[in-house]
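One structure is given here, and the rest of the page talks about it.
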Amino acid sequence: MNKTGSMKRRHFLTAMGTAGLVQMGISSRAYGSESTSKPKSAHELKIGLASYSTRKFTLDQTIEMMKELDIQYVTLKSFHLELNSTTQERKAVAKKLKENGIHLMGGGVIYLKNDEEQILNAFQYARDAGMPVIVGSPDIDALPIVDKMVKEFDIKVAIHNHGPGDSKYPSPLDAYKYVKDYDKRIGLCIDIGHSVRWGDDEIEVIHAVKDRLYDFHIKDTTARNKNGSTIELGRGIINIPGVIKALMDIQFEGHVALEYEKDADNPLPGMRECFGYIRGVIDTLNMS
């Protein structure tokens, strides 16, 4: 085993041990509760959920799962708030989340065609619900309209990469080449699983686009190619401790959202393992 693999394995074992403490009520302050081992100088990440993970469940069921997982941040997919919803429906969902102690970090992934009316609706949707970020996949020729809308609404757009099979933005680096010519409110949402499946180095890509990084989808994958599929964090080939450390190092202020694509009919056990792993990694890094 090489040095990187050995380090990842060591972090994994330590994290799994710490995850047991989490289940007994000792968790990282990144989740909204105190950790006696965490130095005050450490950067706190907003760890939460991309609700695509619970796509086969209602919003109410998703909220209950988040409570069980002790997670307070969410990015909503249209399964839980339809894009063609009314202003009243959008505000009602935002109110429900707030009443349950959940911070709405954004919506998406939203696919934006070169259609000003459709893009306007997406921005109105985000504004009505109080979303600070649209996680989107705009057509390249739609970017001038998106640029106009971010200025009008003062809502960020974070372009999401989809790896092999994505003709527009397979890598965050592809999206970065386009956004640098537009308003700084147009940036990126790195999907680290798709990025690695495309062949990116998971640490280098974070640092390469850090000035435009507004959202982050965290996941693990089984292979560094198009055949890779989602697996519980720490069980795949992505250096998750390295990813978490890189996000801390760049003082990332956006949402670090678990997008757990596996086990759609019963995602809770896998999500519980993933969040336990993340908590263990954060505690380990903060004690090192």
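The values are calculated or read from the model by the stated rules, or taken from the named source; none is laboratory data. As the structure is a computational prediction, the values presented were derived from the model and not from experiment. Cβ atoms come from the backbone with ideal geometry, glycine included; neighbour counts cover every protein chain shown. What goes into the accessible areas is simple: the full protein's heavy atoms, side chains included, and nothing from ligands, DNA or RNA. Shrake-Rupley method; radii C 1.70, N 1.55, O 1.52, S 1.80 Å.
Data overview
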| item | result |
| --- | --- |
| Accessible surface of ASP263 - all protein chains present, 1.4 Å probe, nearest 10 Å² | 60 |
| Rounded FRET efficiency, nearest 0.05, which uses the C-beta distance separating ARG55 from GLU116 and R0 of 35 Å | 0.75 |
| Fraction of accessible area attributable to carbon and sulfur, the chain (%, probe 1.4 Å) | 50 |
| Residue-level accessible surface for GLU82, protein heavy atoms, 1.4 Å, Å² | 100 |
| Average accessible surface area per residue within the stretch 224-267, 1.4 Å rolling probe, Å² | 41 |
| Highest-MSF residue in the chain out of ALA175, ALA158, ALA264 [GNM, Cα springs under 10 Å] | ALA264 |
| Local electrostatic count, THR75, Cβ distance below 11 Å [Lys/Arg +1, Asp/Glu -1] | 0 |
| Gain in span if fully extended, ASP249 to ILE140, counting 0.36 nm per residue against the direct Cα distance | 36.1 nm |
| Choice from ASP249, ASP147, ASP200 showing the highest fluctuation, given a GNM over the chain with Cα pairs closer than 10 Å | ASP249 |
| For LYS180, residues with placed amide H under 5 Å, excluding near neighbours | none |
| Alpha carbon Rg of the chain, scaled by the compact-globule rule 2.2 N^0.38 Å | 0.96 |
| Percent of beta bridges antiparallel (DSSP, the chain, rounded to nearest 5) | 5 |
| Positive dipole terminus of the chain, leading residue within HIS255, ILE186, HIS207 (C-beta point charges) | HIS207 |
| Of all DSSP beta bridges in the stretch 140-288, antiparallel share, percent nearest 5 | 15 |
| Unit charges on C-beta of K, R, D, E only; dipole of the stretch 146-202, Debye | 200 |
| Cβ-derived FRET efficiency at R0 45 Å, GLN88 paired with LYS168, nearest 0.05 | 0.85 |
| Highest average packing first - 269-281, 228-240, Cβ atoms within 10 Å | 269-281, 228-240 |
| Gain on full stretching of the segment that runs from ASP181 to ALA264 - 0.36 nm per residue minus C-alpha separation | 26.1 nm |
